[in-house]
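A.B. asks: Once you've had a glance at the structure underneath, I'll fire off some questions.
The values are calculated or read from the model by the stated rules, or taken from the named source; none is laboratory data. Computed from a predicted model, the values in this text were never measured in an experiment. Reconstructed Cβ throughout: ideal geometry from the backbone, glycine too, with neighbour counts over all protein chains shown. Surface areas here come from the heavy atoms of the whole protein model, side chains and all, with no ligands, DNA or RNA. Shrake-Rupley method; radii C 1.70, N 1.55, O 1.52, S 1.80 Å.
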Amino acid sequence: MKFPLLLRLAVLACVLSPVAVSANPLLARSLDAMSRADTAVVGGIQLLSPRLLADFYTQRGNVLVWTDAQQLRELLEIVDGSAAEGLSPADFHAAALRARSSAGAPRGLSAAERLTADLQLSDALLRYVHHTRFGKLDPKAVDPKWNDRAPVPAAALLADMHGALDAPDLSDFLVSRLAPPFWYQDLKAALANLTDMEHLKGLPPLPSGPNLAKGSRGARVALVRERLQLLGHHDDSALPADLELFDDALAEAVMAFQRRVGLSPDGVVGPRTLAVINDPVDEAKIEKVRINLERMRWLYDDLPSDYVFVDVANYLAHLVRNGEIAWSTRVIVGTEKDQTPMFRDSMEHLVFNPTWSVPISIQKKMGNVSAKYTLVDRRTGRKTNGGNASNYKRYRVVQKPGPGNALGQVKFMFPNRHAVYLHDTPSRGLFGRSQRALSHGCVRVQNPLKLAELLLGESGWSPSRIGSAVKRARTRYVHLDEHLPVLLYYLTARANAQGGVYFRKDIYGRDPALREAFAGEVRRARIAFDEASPIPAGEAVSDPAPGLDSGDPEMLDRGSDPSPAPAPSGEGVRLTQTEEREG
């Protein structure tokens, strides 16, 4: 809906009291207009969600809310500290807010300035709770084909905003309201390690020469020791008598530094290690960590302590119990053409001895098939074993259960629009490869029966019972007692508990688009309101992929979602402080 109305704060100035303690009808009408506008700009700042802010003010009685100077200081403090999360204070209007606060609390400003400041502060708070809980970016806006996530619930954002303003300490509430998983905390610590060395820029480089290792001796060893002290990796209170000897303590310090910066920890100062010592601040690596923290935020909200974590770019899957990795296995993921998407869902059931419905794109090329396949007449439903499968308009082809089935002996189902799941495979030798982007999108598991045992162990399914079910060669569905979250994450940087960071190859080439979007300004968010469509005005909705029966997404035609249509150029609500003559 378009609103050509130009709202002027000067009009409100004459009716707003110095301290807003009761509902103001003009403020209410302004917020009503904002709630129905495509966009709203306040003092040159575009609001993330005019409608949500209108709801926020309505729930607080349509009064100005930033009347406490201490709360303003606490908000600015936490905004300034957002860099620790890989975000930027500029994402939350830090410069504008600091300028607004320079003369004191909002009540010390003029009426027009107070209204502008109040809306900007509330938008900064909204952006902070949104970006830290759900990520700065909408993953579907970054890549609608390979990223997926439901719209952000308005109720969660409003609860965080109200909680912050009602808490005794706003900053304490905003920090403590989240309990990020260990892998986010580890990468956040790695970011701190990388950025902590920024003050060492400009130091003279250490001279090159032969590799230095335990037992080496000379002036270069003493220089390495001194530089590692500056980098925080050598205890200067326990210096040896011979500073030019490469001893055990220095070897440990070198390995600690190598782990911290993502190098192989061999304790040898060779060309690569020396290059990083001479230039310890790698902006490209810092930026890579920041965009991967952003990816993590997309799916981690309200995550329980038990879940399956598929680390796509590292070709591993982890079963997490009580917030720790309990078991891991190798996996095979999609090729660059048929990528494994990034999303979160819930595992509902397992299927032992699954069938495989052959997709039409494969069926067209099959010709005559053996009795291992069943041809189902699409018109009559009649089934025959084997025959000419090329007539895809007449027949549907289903591969029977068995060791040679494309899905192996078990599949793990978490229904989703991508028709992607975890499953066994008869192609066991492929797990020996280091690069395992080989599937058509699904995740093939190296030890699927062990995973089934771990998931069903508390439901009375012993290894022998699972083995018996598989040997019967009959399809059997087993539902989990409780649905288990499954996270398919595409991460090109991870860290360990010691702060050592590990960088992976960007096998799908997704980093550049994310890096560009992350550096830009976010003008709107995809938010779900209880009573209306969650899609903002002007945003196109892509239909989900159609259901594909029990077909194997390993071989499915994976059509891309249509690109979102451009937003209309409809005029939004603009709040300014410019004087304008009425009439």
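A.B. asks: From the phi angles alone, apply the Karplus equation (6.51, -1.76, 1.60; θ = phi - 60°) to the stretch 426-436 and give each ³J(HN,Hα) in whole Hz, x where the residue is Gly or Pro.
C.D. replies: x, 8, 6, x, 5, 5, x, 7, 7, 9, 10
A.B. asks: If you don't mind, there's one more thing I want to ask. Express the carbon and sulfur contribution to the solvent-accessible surface of the stretch 359-399 as a percent, rounded to the nearest whole number, probe 1.4 angstrom.
C.D. replies: Ligands and nucleic acids excluded, carbon and sulfur reach 46 percent.
A.B. asks: Follow-up. Enter the accessible area per residue of the stretch 241-315 (Å², integer; probe 1.4 Å; all protein chains in place).
C.D. replies: Ligands and nucleic acids excluded, the result is 36 Å² per residue.
A.B. asks: Follow-up. In whole Hz, what ³J(HN,Hα) sequence does the stretch 457-468 give by Karplus (6.51, -1.76, 1.60; θ = phi - 60°), x for Gly and Pro?
C.D. replies: Once rounded to whole Hz, the list reads x, 7, 9, x, 9, 7, x, 5, 5, 5, x, 5.
A.B. asks: Straight distance only, please: which lysines reach the Cα of Lys393 with their own Cα at less than 16 Å, same-chain residues fewer than 8 apart left out?
C.D. replies: Lys364, Lys365, Lys383
A.B. asks: Amide H to amide H under 5 Å from Leu480: which residues, 5+ apart in sequence or cross-chain, H placed 1.01 Å off N in plane?
C.D. replies: Long-range HN contacts for Leu480: His349, Leu350.
A.B. asks: Assuming a ≥ b ≥ c are the square roots of the Cα gyration tensor eigenvalues, decide whether the stretch 387-500 counts as rounded (a/c under 1.5), prolate (otherwise, with a/b larger than b/c) or oblate.
C.D. replies: The shape class here is oblate.
A.B. asks: From the phi of every residue in the stretch 171-176, what ³J(HN,Hα) in whole Hz does the Karplus formula 6.51 cos²θ - 1.76 cosθ + 1.60 yield, where θ is phi - 60° and glycine or proline is x?
C.D. replies: Here the 3J(HN,Hα) series is 5, 4, 5, 5, 6, 8 Hz.
A.B. asks: Can you give me the % of accessible surface on the stretch 39-131 that is carbon or sulfur? Probe 1.4 Å, all protein chains present, nothing else counted.
C.D. replies: The computed percentage sits at 50.
A.B. asks: Could you tell me the distance between the Cα centroids of the stretch 138-215 and the stretch 467-516, to the nearest Å?
C.D. replies: For the stretch 138-215 versus the stretch 467-516, the Cα centre distance is 21 Å.
A.B. asks: Here's another thing I want to ask about it. Shape of the stretch 198-280 from its Cα gyration tensor (a ≥ b ≥ c, root eigenvalues): rounded if a/c is under 1.5, otherwise prolate when a/b > b/c, or oblate?
C.D. replies: Rounded.
A.B. asks: For the stretch 198-280, with all protein chains present and a 1.4 Å probe, just round the carbon and sulfur fraction of the accessible area to a whole percent.
C.D. replies: For the stretch 198-280, the apolar C and S fraction of the accessible surface comes to 55 percent.
A.B. asks: Students sometimes get this wrong: rank Arg227, Arg220 by accessible area, probe 1.4 Å, all chains present, largest first.
C.D. replies: Descending accessible area places them as Arg220, Arg227.
A.B. asks: To continue, here is another question. For Glu287 paired with Glu336, estimate the spin-label separation in nm (one decimal), with each label point 7 Å from Cα along the Cα-to-Cβ line.
C.D. replies: Result for the modelled spin labels: 2.1 nm.
A.B. asks: Name the residues whose placed amide hydrogens come within less than 5 Å of the amide hydrogen of Val486, ignoring near sequence neighbours (fewer than 5 apart) on the same chain.
C.D. replies: Under 5 Å from the amide H of Val486 lie the amide H atoms of Val308, Asp345, Ser346, Met347, each far enough along the sequence or on another chain.
A.B. asks: At 1.4 Å probe radius, can you tell me the per residue accessible area of the stretch 25-194 in Å²?
C.D. replies: 33 Å²
A.B. asks: Something else about it: Once you have the Kirkwood Rh of the stretch 25-194 from its Cα pairs, apply Stokes-Einstein at 25 °C and 0.890 mPa s and quote D in µm²/s.
C.D. replies: Translational diffusion coefficient: 145 µm²/s.
A.B. asks: Something else about it: Ala389's amide H: which non-local residues (gap 5+, or another chain) put their own amide H closer than 5 Å, with H modeled 1.01 Å from N in plane and none for Pro or chain starts?
C.D. replies: Amide H neighbours of Ala389, under 5 Å, 5+ apart: Gly367, Asn368, Val369.
A.B. asks: Skip the ligands, DNA and RNA, and give the accessible area per residue of the stretch 359-399 with a 1.4 Å probe, whole Å².
C.D. replies: Spelled out: the 1.4 Å probe surface of the stretch 359-399, per residue, equals 64 Å².
A.B. asks: Using only alpha-carbon positions, what ratio does the radius of gyration of the stretch 359-399 give when scaled by 2.2 N^0.38 Å?
C.D. replies: Here the Cα radius of gyration is 0.97 times the empirical estimate.
A.B. asks: Here's another thing I want to ask about it. Give me the distance in nm between label points sitting 7 Å out from Cα along the Cα-to-Cβ direction at Glu482 and Ala241, one decimal.
C.D. replies: 6.2 nm
A.B. asks: Tell me, in nm to one decimal, what length is gained between Gln46 and Asp172 on full extension, where the rule is 0.36 nm per residue of separation less the Cα-Cα distance?
C.D. replies: The Gln46-Asp172 span can extend by a further 42.6 nm.
A.B. asks: I've got another one for you. What are the lysines whose alpha-carbon lies under 29 Å from the alpha-carbon of Lys505, with same-chain residues fewer than 8 places away excluded?
C.D. replies: Lys136, Lys140, Lys145, Lys188, Lys201, Lys285, Lys288, Lys337, Lys411, Lys450
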